[in-house]
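Structure first, commentary second.
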Amino acid sequence: MTTRKKIVVVAHDVGGGGGMERHLEEVIMRLKRDADVTVVAASMKLADPSGVRFIRIPVMAKPVPLKMIVFAIMATLRLLFIKRDILHTTGAIVANRADVSTVHFCHAGYVAATGNTRSKLNRSLLRRWNSSFASFLALSMERLIYKPKRTRRLIAVSSRVRQELLTSFPYDGDEVDVVPNGVDTNCFRPFAEEEKRALRRKHGLPEQGDFALFMGGDWPLKGLDFVIDAFNRTAAEFPNLHLIVVGKGDKEAYLPKIAESARKRVVFAGKRPNPEEWFGLSDLFIFPSSYETFSLVVHEAAAAGLVVLSTRVGGVEDLIEDGVNGYWIERDGGLIAERIRSILADPAKQLAIREQARQRVSSLTWDHTYSLMNEIYRNMHEHRHGSRGFEIERTHP
């Protein structure tokens, strides 16, 4: 007789707009068909919350350090009274012994790679203090919790994160798995030319021309300066080239950096709820980010059939083969401009790159993500209890 596992998932927030929140929603929506799921979080925004027990941990959204402290204390205490077969945490956020933790962001790895530049980029003293204290707390929690005797297994979202974890914490290679995020390939898909023109009309853009897209927040870290520099260098040579910037940032600080003669061809669209439309109307995706753990936006751009130009950051390293399904770039406007010139000069090569990108990402679905996660649950239980007793039925792909 098969008995359904009782799995408790702990996270600050489940569901919503962020990549981590989206990952949790996609996994939980599938997991609830095969197991009894309890979510312990500050918020839960599932498209269909039926069949999921939600235990809310009431915390304030800001300041972030206080939210982290209050959540850690209250969630740790609440978990003492929840029966479960598997405790699955999202990062180092509670002090309870856990079976597995999914690591979307390794703070120790980030600091080693960047010198904690995020706090240095904040303009005000208060924000720098807030960011530094939040980083200190996160690093302290990682040192406390990422130990095999406290958290049995870790799941990294990319090979980059896995290597950071193995370098920073006392785990063997077979104790850290890689489960990449998925992509909704039905939502993010190549658009036919007529669809593309219709979208451009909808957003008040020229129907003809080549559109380069930059998408994301944290513009200094994501490299918008280098994208604008590359656009300035190529704008006169390619008068039909346009640049679209989607995401939240200080528009007024970047407008003066755009060549005056080409300023009308740059659109700051702001933060948008429908990224698939902006991918759909674009041709190139430029992403000179300084650091990523798993760049979901790059995978979505590849699924949409764009020519992807990206730095070698987490997740993208596992996706792109230079010159086959995308291109590596550096955080250098001149070098990015050279790459743009070569792409626009060879439409046939553009088409081949787009097709290869779409094909490469087509297997990285959310069903694939859940299948890998499901197998980890199964192996953990069999290792602890043997194969008899109960298992998760894999009746859904």
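Among the criteria (1) touching a residue at least 12 places away in the same chain (Cβ under 8 Å); (2) assigned to a helix (DSSP H, G or I); (3) surrounded by fewer than 16 Cβ atoms within 10 Å (Cβ to Cβ), the one Arg201 does not fulfil is (1). The residue pairs whose first member lies in segment 308-328 and is within 10 Å of Ala357 (Cβ to Cβ) and free of Cβ contacts under 8 Å to residues at least 60 places away in the same chain, whose second member is surrounded by fewer than 21 Cβ atoms within 10 Å (Cβ to Cβ) and not β-branched (Val, Ile, Thr), and whose beta carbons are closer than 6 Å, counting only pairs six or more residues apart or on different chains, are Val324/Gln356; Asn325/Gln356; Asn325/Arg360.
Residues that are over 15 Å from Ala269 (Cβ atoms) and modelled with pLDDT under 95 were ranked within segment 210-221; the one that is surrounded by the fewest Cβ atoms within 10 Å (Cβ to Cβ) is Pro220. A count restricted to segment 173-198 and to residues that are of a type in the set (Gly, Ala, Ser), in contact with a helix residue (DSSP H, G or I) (Cβ under 7 Å, 6 or more places away or on another chain) and either loosely packed, with under 14 Cβ neighbours inside 10 Å or farther than 30 Å from Ser159 by Cβ (or both) stands at 1. Please find, among Asp184, Asp177, the residue that is acidic (Asp, Glu), touching a residue at least 40 places away in the same chain (Cβ under 8 Å) and part of a strand (DSSP E or B). Answer to the selection: Asp177. Picking from residues in segment 306-348 that are among the small types (Gly, Ala, Ser), in a loop (DSSP other than H, G, I, E, B) and touching a Phe, Trp or Tyr at 6+ places or on another chain (Cβ under 8 Å), the one that is surrounded by the fewest Cβ atoms within 10 Å (Cβ to Cβ) is Gly315.
Considering only residues of segment 358-384 that are β-branched (Val, Ile, Thr), under 18 Å from the mean Cα position of the chain (by Cα) and part of a helix (DSSP H, G or I), which is modelled with the highest pLDDT? It comes out as Thr369. Among the conditions (1) modelled with pLDDT under 95; (2) among the aliphatic types (A, V, I, L, M); (3) touching a Cys at 6+ places or on another chain (Cβ under 7 Å), Leu165 misses just one, which is (1). The requirement of being in contact (Cβ under 8 Å) with a residue 40 or more places away in the chain and within 29 Å of Val183 (Cβ to Cβ) is fulfilled nowhere in segment 54-63; no residue meets it. Residues in segment 250-278 that are in a helix (DSSP H, G or I) and of a type in the set (Phe, Trp, Tyr) were compared, and the one that is farthest from Asn240 (Cα to Cα) is Tyr254.
The values are calculated or read from the model by the stated rules, or taken from the named source; none is laboratory data. Note that the coordinates shown come from a computational prediction; the quantities given were computed from them, not determined experimentally. Note: ideal-geometry Cβ built from the backbone for every residue, glycine included; neighbour counts use all protein chains shown.
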